[in-house]
Amino acid sequence: MRRTLVTLALLAGLAAPVLADSEKGGVVNINTASVQELKLLPRVGPALAQRILEFREKNGPFKSPEELMRVKGIGEKTFDLMKPYVTTSGPTTLKQKVASARKRAQGQKATGGN
């Protein structure tokens with residue numbers, strides 16, 4: 001019984017990154033993304049997406065997602081909302097706009113959800 005529980009715990013731990021990736025619905029590669037793809041990130045509209053693109057063109061590829069905080073208009077709070085959806089390598093897989101936490105909360109109130 002104990003061995004079974006340990007095995008299940010280990011399997012759950014191995015599956016967690018896969019589940020987390022599927023829960024968030026994808027990522028945006030900030031080194032290759034277009035303005036349209038960048039706009040899928042929470043709190044990113046056309047102007048901020050353009051500033052990210054211009055920063056990348058001027059300074060070269062981002063070495064880490066945290067470098068986004070060097071772009072005017074992205075502070076710690078905004079970056080914290082974006083972080084689960086940002087990568088610096090691989091393909092962009094995010095296909096739908098991510099609502100910010102505030103918008104999700106407003107949507108739940110409107111629909112009567114918790």
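Since every read-out is calculated from the coordinates, none of them should be taken as a lab result. Keep in mind the model is a prediction, meaning the values are calculated, not measured. As a convention, Cβ positions derive from the backbone with ideal geometry for all residues, glycine included, and neighbour counts pool all protein chains shown.
With Cβ to Cβ distances under 12 Å as the rule, what net charge do the other residues near F79 carry (K, R +1; D, E -1)? Mind showing how you got there, number by number?
On the way: positive: R43, R70, K77, K83; negative: E66, E67, E76, D80.
Local charge sum for F79: 0.
Work out the P(r) tail for the range 24-111: percent of alpha carbon pairs separated by more than 22 Å, whole number.
Values: 773 of 3828 pairs.
Cα-Cα pairs in the range 24-111 separated by more than 22 Å: 20 percent.
Within the set of other residues whose C-beta is less than 12 Å from the C-beta of E37, count the net charge using Lys and Arg as +1 and Asp and Glu as -1.
Values: positive: K39, K95, K97; negative: none.
In short, +3.
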